[in-house]
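Here's the structure, in structure tokens; my notes come after.
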Amino acid sequence: MKKWITALFAITAVVSLVALTPSRVSTKSADPREDSLAADRAKYTKMVKEAIAGKEKLPAEEVFKNIKIFKGQPAEAVLGIMENRWSKTLGVSCNHCHNVKDWASEEKHDHQIAREMVAMVGKINDDLIATMPSYATKDRKPRIGCSTCHRGESHPGRPNVARPGAAGPPRN
Ligand code: HEC
Ligand code: HEC
């Protein structure tokens with residue numbers, strides 16, 4: 001009788017493991033939010049690339065209308081930052097910051113915030129971290145970037161509404 005119960009437990013354990021494993025794996029690998037955003041970003045980037053064809057290597061301020069941060073950088077490099085760094089790091093697509101019918105427009109609040117965040121990151125790196133007497137040395141120049149805080153969230157530090165149950169930061 002005892003053996004029979006032990007066997008039953010073992011079978012139950014194996015069956016639940018088999019039942020649980022594939023569903024966990026599949027929800028993670030097929031996150032529809034990630035996929036649709038990646039396709040959306042690629043679509044917009046392609047649109048802009050086609051519009052600036054032949055001018056990709058020119059300085060961004062000669063190709064685009066409203067460049068303040070990326071002066072001197074090739075236009076294609078700016079698009080790379082837009083698609084692969086800023087959008088991904090914030091977990092958004094281009095329309096979060098842009099009126100996609102008028103890329104130069106500053107009408108979206110997040111467009112302005114992004115420029116302010118760039119200034120903040122510069123201050124943290126140049127005025128705060130670089131002057132830490134023990135941490136920043138001649139050979140070591142630690143720096144932070146957007147992903148230090150954002151890590152795929154537009155509002156780091158708030159409980160994530162897209163994934164209910166995800167915890168916010170410690171409150172201390
Ligand atoms: C977090 C906000 C943000 C996201 C997301 C974002 N952008 Fe931008 N984008 C900006 C800001 C701010 C500038 C201005 C940069 C500067 O001042 O040098 C800009 C500039 C541009 C410009 C130049 C416009 C002009 O005429 O001056 C283009 C084109 C552009 N972005 C395309 C994209 C594309 C394509 C995506 C998506 C793949 C994207 N952006 C995602 C904030 C964003
Ligand atoms: C030191 C941490 C930190 C760094 C570094 C940082 N951010 Fe942020 N950012 C935040 C926090 C926190 C919020 C959200 C505040 C809130 O909940 O309203 C935020 C909000 C934003 C928003 C507004 C999001 C929205 O949907 O309203 C934008 C846009 C943004 N950041 C862009 C950037 C960019 C681009 C960089 C890199 C140049 C950057 N941030 C670097 C902490 C940071």
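No value in this document is a laboratory result; all are computed from the given coordinates. Since this is a predicted model, take the numbers as computed values, not measurements. Because the Cβ atoms are built from the backbone with ideal geometry, glycine has one as well, and the counts that use them run over all protein chains shown.
Structure shown: which of LYS46/LYS123; LYS49/LYS141; LYS46/LYS88 lie over 23 Å apart, alpha-carbon to alpha-carbon? Checking Cα-Cα distances, LYS46/LYS123; LYS49/LYS141 exceed 23 Å. The share of Cα pairs per 10 Å bin across the stretch 31-149, counted from zero up to the longest distance, runs 12, 38, 32, 15, 4 percent.
If the cut-off is 16 Å between C-alpha atoms, which aspartates and glutamates fall inside it for LYS138, apart from same-chain ones fewer than 8 positions away? Within reach: ASP126, ASP127.
Taken over the stretch 70-119, the ratio of Cα radius of gyration to 2.2 N^0.38 Å equals 1.09.
Each of SER134, GLY54, SER36 was placed along the dipole of the stretch 31-149 (beta-carbon charges, centred on the mean Cα), and the one lying farthest toward the positive end is SER134.
May I ask you to derive the relative contact order of the stretch 31-149, considering only C-alpha pairs under 8 Å and at least 6 residues apart, and to give it as an integer percent? Taking the mean separation of contacting Cα pairs over the length of the stretch 31-149, I get 18 percent.
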